[in-house]
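**Student:** Below are the structure tokens for one structure; questions will follow.
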């Protein structure tokens, strides 16, 4: 994936100003990935041993390292803005001024229990709907998916994730006319606590014309709620 660290740093500062950045420890975040993997591997080994698992078994011996690599390189790679996707915008030469809507898959991890939330079964209802009304700039559709994926790849709460996606698009496209709806299933609800296998959570963010003009908001909500 092509990355744009400079754009990522600008987005990071914008989210901090807006008060929706993920709480992080900057010094720890700046450490090399190899150092993070080594530290996580050591601590994961301790956790597994406390649970009573025999790490000399050939099925378990590599698990601490596998988990460490998964956390740093996959599940939580969105904490590192060096991985922020390249999002080149182009001039809206065709003067397109109608709604653009993209439905994206959500794959994230709840920061309260570190278990999965996102698109699971019943996937025609679940996912992230992102919309904007173009002004001077348009953004390639795949870039919207990559932005959603980037902010999903970190410990999250759904409310913050929704706002991070929306604020990032507002910043990149230089428009307030943005709307985001996330509908996802949380495995911390499905597998523990209340253990409700059929529930899902809906969060939304609307601004600009989506907030000010009821007809535009209704059109977006109709698309996002359509099976």
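**Student:** Cβ-Cβ under 7 Å, sequence separation 6+ or interchain: first residue in segment 16-33 and closer than 15 Å to residue 72 by Cα, partner at pLDDT 95 or above and surrounded by 11 or more Cβ atoms within 10 Å (Cβ to Cβ). Which pairs?
**Tutor:** Once the first residue is closer than 15 Å to residue 72 by Cα and sits in segment 16-33, its partners that are at pLDDT 95 or above and surrounded by 11 or more Cβ atoms within 10 Å (Cβ to Cβ) give 24/79; 29/79; 33/72.
**Student:** Across segment 183-201, what is the total count of residues that are on the phi < 0 side of the Ramachandran plot and either touching a helix residue (DSSP H, G or I) at 6+ places or on another chain (Cβ under 9 Å) or assigned to a loop (DSSP other than H, G, I, E, B) (or both)?
**Tutor:** Number satisfying all stated conditions: 12.
**Student:** Among the numbered criteria (1) at pLDDT 90 or above; (2) touching a helix residue (DSSP H, G or I) at 6+ places or on another chain (Cβ under 9 Å), which one does residue 214 miss?
**Tutor:** Evaluating residue 214 over (1) at pLDDT 90 or above; (2) touching a helix residue (DSSP H, G or I) at 6+ places or on another chain (Cβ under 9 Å) leaves (2) as the failure.
**Student:** Out of contact with any strand residue (DSSP E or B) (no Cβ under 6 Å at 6 or more places or on another chain), touching a residue at least 40 places away in the same chain (Cβ under 8 Å) and more than 26 Å from residue 220 (Cα to Cα): which single residue out of 96, 81, 71 fits that description?
**Tutor:** 81
**Student:** Among the residues of segment 202-215 satisfying the criterion of being touching a residue at least 12 places away in the same chain (Cβ under 8 Å) and assigned to a loop (DSSP other than H, G, I, E, B), which is farthest from residue 184 (Cα to Cα)?
**Tutor:** So, considering only residues that are touching a residue at least 12 places away in the same chain (Cβ under 8 Å) and assigned to a loop (DSSP other than H, G, I, E, B), the one farthest from residue 184 (Cα to Cα) is 208.
**Student:** Taking residue 150, is it surrounded by 21 or more Cβ atoms within 10 Å (Cβ to Cβ) and assigned to a strand (DSSP E or B)?
**Tutor:** It is false that residue 150 is surrounded by 21 or more Cβ atoms within 10 Å (Cβ to Cβ) and assigned to a strand (DSSP E or B).
**Student:** Determine, yes or no, whether residue 180 is outside any helix (DSSP H, G or I) and either touching a strand residue (DSSP E or B) at 6+ places or on another chain (Cβ under 7 Å) or surrounded by 16 or more Cβ atoms within 10 Å (Cβ to Cβ) (or both).
**Tutor:** yes
**Student:** Something else: Tell me which strands (runs of 3 or more DSSP E) are completely within segment 49-132 and hold 2 or more residues being closer than 25 Å to residue 10 by Cβ, modelled with pLDDT of 95 or more and in contact with a helix residue (DSSP H, G or I) (Cβ under 7 Å, 6 or more places away or on another chain), or say none if there are none.
**Tutor:** Working: elements: 89-91, 100-104, 107-110, 116-118, 127-132.
In segment 49-132, the matching strands (runs of 3 or more DSSP E) lie at 127-132.
**Student:** Here are 175, 162: which of them is in contact (Cβ under 8 Å) with a residue 40 or more places away in the chain, assigned to a helix (DSSP H, G or I), in contact with a strand residue (DSSP E or B) (Cβ under 8 Å, 6 or more places away or on another chain) and under 14 Å from residue 206 (Cα atoms)?
**Tutor:** 162
**Student:** Right, next: Got a number for residues in segment 183-208 being more than 20 Å from residue 222 (Cα to Cα) and in contact with a strand residue (DSSP E or B) (Cβ under 6 Å, 6 or more places away or on another chain)?
**Tutor:** Matching residues across segment 183-208 total 3.
The values are calculated or read from the model by the stated rules, or taken from the named source; none is laboratory data. What you are looking at is a predicted structure, and each value in this text was computed from that prediction instead of being measured. Because the Cβ atoms are built from the backbone with ideal geometry, glycine has one as well, and the counts that use them run over all protein chains shown.
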